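Q: Got a structure for you, written out below as structure tokens; questions coming shortly.
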Amino acid sequence: MLAVDIGGTKMAAAVVDGSGRLIDQARVPTPVSDDPEAAFETLAALIDRVRSAVPLQPVVCGVGCGGPMEWGGEAVTPLNIRAWKGFPLRSRLAEVVGLPVAVDNDAKALALGEGWLGAARGVPDYLAMVVSTGVGGGIVLDNRLLDGVAGNAGHIGHVVVEPDGRTCVCGGRGCLEAEASGTSIEATTGRPASEASEEVRRRTGTLVGRAVASVANLLDLELAVVAGSVALGFGSVFFEAAQREIGLRCRLDFSRATRIVPAGLGADGPLVGAAAVGRRALAPARLGGEAA
């Protein structure tokens with residue numbers, strides 16, 4: 001499978017075999033530009049570089065991209081890529097790669113990857129989250145990834161955690177993304193999230209735990225798997241604060257056992273997740289088999 005991950009900070013591509021092993025990969029910074037073609041040309045060149053380095057011929061291209069988007073990535077408007085407003089990502093990529101292309105939200109892709117090979121393997125019901133430049137999520141219930149009307153289900157970054165909080169890029173106020181993303185942390189502290197104080201790390205974990213508790217109480221979930229440079233970079237301070245907040249707010253009998261844990265795929269998660277999007281597109285005939 002050809003796997004492509006598109007985020008506000010970086011773009012990455014890899015060839016991934018049917019067992020989820022990354023055979024070759026490369027990444028580049030996401031262009032900061034108002035020109036949609038410049039961003040796409042950077043992505044196309046990255047994909048060409050990866051494909052030319054590997055003799056294996058992929059059968060499908062799976063893509064994880066920041067949202068929101070129209071169903072299947074027919075038009076994407078990533079909140080952290082200002083150049084793409086209704087950009088026809090799936091069709092443009094299909095022209096470039098000459099393969100079937102499946103596009104989904106990057107956090108939903110992570111959910112698929114973590115259920116396939118990561119910390120949610122074998123778990124039928126869970127929430128997967130990315131806390132990085134932005135905040136996103138994907139939800140699996142009864143072993144099925146939830147899609148929603150336009151494919152945007154699970155967008156936990158826009159659960160309100162501070163009713164009178166900061167204005168979010170979506171236009172709302174107090175969204176988790178406006179309070180806990182790397183972008184918001186840098187805006188409020190004047191420093192990159194990687195340099196955040198322990199107090200900021202703890203507050204970020206608390207707010208994420210608050211959002212997770214709301215979802216767990218709503219959907220009867222006992223597991224939240226979290227990835228992303230902010231969450232994983234903040235480490236134990238973040239996860240302990242999040243678990244403490246979940247304990248305070250998950251008081252129903254069915255939600256008291258809710259746990260929040262680091263994602264199991266580490267730095268490979270976004271690309272394994274993108275490959276899982278492609279793998280899902282081959283279902284049911286090929287889902288359990290080997291695909292390159």
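The values are calculated or read from the model by the stated rules, or taken from the named source; none is laboratory data. Note that the coordinates shown come from a computational prediction; the quantities given were computed from them, not determined experimentally. Note that each Cβ is placed from the backbone with ideal geometry, even for glycine, and that neighbours are counted across all protein chains shown.
Q: Is there a residue being hydroxyl-bearing (S, T, Y), in contact with a Phe, Trp or Tyr (Cβ under 7 Å, 6 or more places away or on another chain) and assigned to a loop (DSSP other than H, G, I, E, B) anywhere in segment 73-85? Outline the logic, then answer.
A: Step one: list which residues in segment 73-85 are hydroxyl-bearing (S, T, Y), which gives 77.
The next check asks that each one be in contact with a Phe, Trp or Tyr (Cβ under 7 Å, 6 or more places away or on another chain); those that pass are 77.
Going one step further and asking which of them are assigned to a loop (DSSP other than H, G, I, E, B), we end up with 77.
Yes, that holds for at least one residue.
Q: Which condition number in (1) in contact with a helix residue (DSSP H, G or I) (Cβ under 6 Å, 6 or more places away or on another chain); (2) within 21 Å of A267 (Cβ to Cβ); (3) of a type in the set (S, T, N, Q) is the one that T206 fails?
A: T206 satisfies all of (1) in contact with a helix residue (DSSP H, G or I) (Cβ under 6 Å, 6 or more places away or on another chain); (2) within 21 Å of A267 (Cβ to Cβ); (3) of a type in the set (S, T, N, Q) except (2).
Q: Would you tally the residues in segment 62-101 being closer than 25 Å to D24 by Cβ, crowded, with 20+ Cβ neighbours inside 10 Å and touching a Pro at 6+ places or on another chain (Cβ under 7 Å)?
A: The qualifying residues number 3.
Q: Another question, then. Evaluate the following for D104: is it of a type in the set (D, E, K, R), buried (at least 16 other Cβ atoms within 10 Å of the Cβ), touching a strand residue (DSSP E or B) at 6+ places or on another chain (Cβ under 7 Å) and over 13 Å from V277 (Cβ atoms)?
A: Working: of a type in the set (D, E, K, R): yes; buried (at least 16 other Cβ atoms within 10 Å of the Cβ): yes; touching a strand residue (DSSP E or B) at 6+ places or on another chain (Cβ under 7 Å): yes; over 13 Å from V277 (Cβ atoms): no.
Considered against the rule, which asks whether it is of a type in the set (D, E, K, R), buried (at least 16 other Cβ atoms within 10 Å of the Cβ), touching a strand residue (DSSP E or B) at 6+ places or on another chain (Cβ under 7 Å) and over 13 Å from V277 (Cβ atoms), D104 comes out as no.
Q: Here's another thing I want to ask about it. Here is a check on your reading of the model: is I81 modelled with pLDDT under 95 and not acidic (D, E)? Quick ask: steps written out before the conclusion?
A: Numbers: modelled with pLDDT under 95: yes; not acidic (D, E): yes.
Answer is yes for this residue.
Q: Considering (1) surrounded by fewer than 23 Cβ atoms within 10 Å (Cβ to Cβ); (2) at pLDDT 95 or above; (3) touching a Cys at 6+ places or on another chain (Cβ under 9 Å), say which one L2 fails and leave the rest.
A: For L2, the failing item is (1).
Q: Could you list, in sequence order, all residues of segment 200-258 that are among the charged types (D, E, K, R) and closer than 19 Å to G136 by Cβ? Please lay out each step first, then the result.
A: First pass over segment 200-258, keeping only residues among the charged types (D, E, K, R): 201-203, 210, 220, 222, 240, 244-245, 249, 251, 253, 256.
The one that is among the charged types (D, E, K, R) and closer than 19 Å to G136 by Cβ: R210.
Q: So which of L207, L282, L232, L223 ends up being surrounded by fewer than 20 Cβ atoms within 10 Å (Cβ to Cβ) and at pLDDT 95 or above?
A: On the way: L207 fails: surrounded by fewer than 20 Cβ atoms within 10 Å (Cβ to Cβ); L282 fails: at pLDDT 95 or above; L223 fails: surrounded by fewer than 20 Cβ atoms within 10 Å (Cβ to Cβ).
Going through L207, L282, L232, L223 in turn, just one is surrounded by fewer than 20 Cβ atoms within 10 Å (Cβ to Cβ) and at pLDDT 95 or above: L232.
Q: When residues of segment 50-104 are filtered for being basic (K, R) and farther than 24 Å from T183 by Cα, how many remain? Explain how you work it out, then say what you get.
A: Going through segment 50-104, the residues basic (K, R) turn out to be 51, 82, 85, 90, 92.
Applying the additional criterion that residues be farther than 24 Å from T183 by Cα yields 51, 90, 92.
Of the residues in segment 50-104, 3 are basic (K, R) and farther than 24 Å from T183 by Cα.
Q: Also, I was wondering about something else. List every residue pair whose Cβ atoms sit under 9 Å apart, with the two residues 6 or more apart in sequence or on different chains, where the first one lies in segment 158-170 and is free of Cβ contacts under 8 Å to residues at least 12 places away in the same chain and in the same structural domain as G134 (by TED's automatic domain parsing) and the second, anywhere, is part of a loop (DSSP other than H, G, I, E, B) and of a type in the set (G, A, S).
A: Within 9 Å, the pairs are P163/G174; D164/G174; T167/G174; C168/G174.
Q: Looking at segment 8-18, is at least one residue exposed (fewer than 13 other Cβ atoms within 10 Å of the Cβ) and assigned by TED's automatic domain parsing to the domain that holds T77? Outline the logic, then answer.
A: As a first pass, look at segment 8-18 and keep what is exposed (fewer than 13 other Cβ atoms within 10 Å of the Cβ): none.
Within segment 8-18, none of the residues are exposed (fewer than 13 other Cβ atoms within 10 Å of the Cβ) and assigned by TED's automatic domain parsing to the domain that holds T77.
Q: Can you tell me which residue is farthest from the chain's Cα centre (by Cα) among those in segment 102-124 that are part of a helix (DSSP H, G or I) and aliphatic (A, V, I, L, M)?
A: Within segment 102-124, the subset part of a helix (DSSP H, G or I) is 106-117.
Of the ones still in play, those that are also aliphatic (A, V, I, L, M) are 107, 109-112, 117.
On the way: A107: 2, A109: 6, L110: 5, A111: 8, L112: 10, L117: 15 Å.
Among them, the one singled out is L117.
Q: Scan segment 125-150 for residues that are in a loop (DSSP other than H, G, I, E, B) and either buried (at least 20 other Cβ atoms within 10 Å of the Cβ) or assigned by TED's automatic domain parsing to the domain that holds A274 (or both) and jot them down. Quick ask: steps written out before the conclusion?
A: Taking segment 125-150 and keeping what is in a loop (DSSP other than H, G, I, E, B), we get 125, 132-134, 142-143, 146-150.
Across segment 125-150, the qualifying residues are S132, T133, G134.
Q: Next question. Exactly one condition in (1) among the aliphatic types (A, V, I, L, M); (2) free of Cβ contacts under 8 Å to residues at least 60 places away in the same chain; (3) not in a strand (DSSP E or B) is false for A26; which is it?
A: Unmet condition: (3).
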